[in-house]
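This report concerns only the one structure given below.
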Amino acid sequence: MRIDIPEEKRFVHEMLMPIRWGDMDAFAHVNNTIFFRYMEQARVEWIQSMGFKVGVDSIAMLMVNGFCNFYQQLSYPGELVLKTYIGSIGKSSVDLYTTMSLTSSPDVLSAAGGATMVCVDLGTNKSIPWPESILQKIS
């Protein structure tokens with residue numbers, strides 16, 4: 001099943017990610033699970049680019065679901081360009097999307113995926129509305 005990324009999204013961040021030797025599996029291509037790690041790193045860098053910490057604090061942006069559409073196999077060596085986009089913003093959630101392409105062919109998608117992130121009070125483990133300081137930065 002393929003999940004389509006909506007046209008209505010806003011570009012917010014771009015980063016480069018090297019494909020590491022250890023990202024490959026016994027079939028000599030990047031293991032499917034690693035694509036989720038690439039998307040995770042793109043989210044972390046985007047969060048940090050806004051001036052927020054990603055360590056344990058009283059509130060956190062936690063992933064509640066995720067998906068990835070795989071379009072081509074990847075292998076070492078190589079370098080990816082990961083682009084992060086914001087979709088819909090809810091009272092306590094935000095949809096994020098990431099596209100991945102090789103820097104050698106940036107117009108050809110290798111994979112595209114997304115995640116729904118929720119603002120959580122770590123003391124109660126319950127979702128909470130976005131604090132105004134965060135909402136201003138993601139809006």
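Points worth noting:
- Leading residue by the ranking (farthest from Gly22 (Cα to Cα)) among those in segment 94-126 that are polar (S, T, N, Q) and crowded, with 17+ Cβ neighbours inside 10 Å: Thr116
- Members of segment 56-67 found to be exposed (fewer than 13 other Cβ atoms within 10 Å of the Cβ) and either touching an Asp or Glu at 6+ places or on another chain (Cβ under 6 Å) or under 16 Å from Asn125 (Cα atoms) (or both), listed by number: Val56, Asp57, Ser58, Val64
- Checked against (1) surrounded by fewer than 18 Cβ atoms within 10 Å (Cβ to Cβ); (2) closer than 19 Å to Pro18 by Cβ, Leu135 meets all criteria but (2).
- Pairs where the first residue, in segment 1-27, is under 14 Å from Met39 (Cβ atoms) and modelled with pLDDT under 95 and the second is of a type in the set (A, V, I, L, M) and in a strand (DSSP E or B), C-beta under 8 Å, 6+ apart: Ile5/Ala112
- Matching residues, segment 84-132, being free of Cβ contacts under 8 Å to residues at least 24 places away in the same chain and assigned to a loop (DSSP other than H, G, I, E, B): Gly90, Ser105, Asp107, Thr124, Asn125
- The single condition among (1) at pLDDT 95 or above; (2) among the hydrophobic types (A, V, I, L, M, F, W, C); (3) more than 14 Å from the chain's Cα centre (by Cα) that Ala42 does not meet is (3).
- Members of segment 45-77 found to be more than 20 Å from Pro129 (Cβ to Cβ) and in a strand (DSSP E or B), listed by number: Gly66, Phe67, Cys68, Asn69, Phe70
The values are calculated or read from the model by the stated rules, or taken from the named source; none is laboratory data. This one's a predicted model, so the numbers in the text were calculated from it and none came from an experiment. Please note: Cβ atoms are built from the backbone with ideal geometry, for glycine as well, and neighbour counts cover all protein chains shown.
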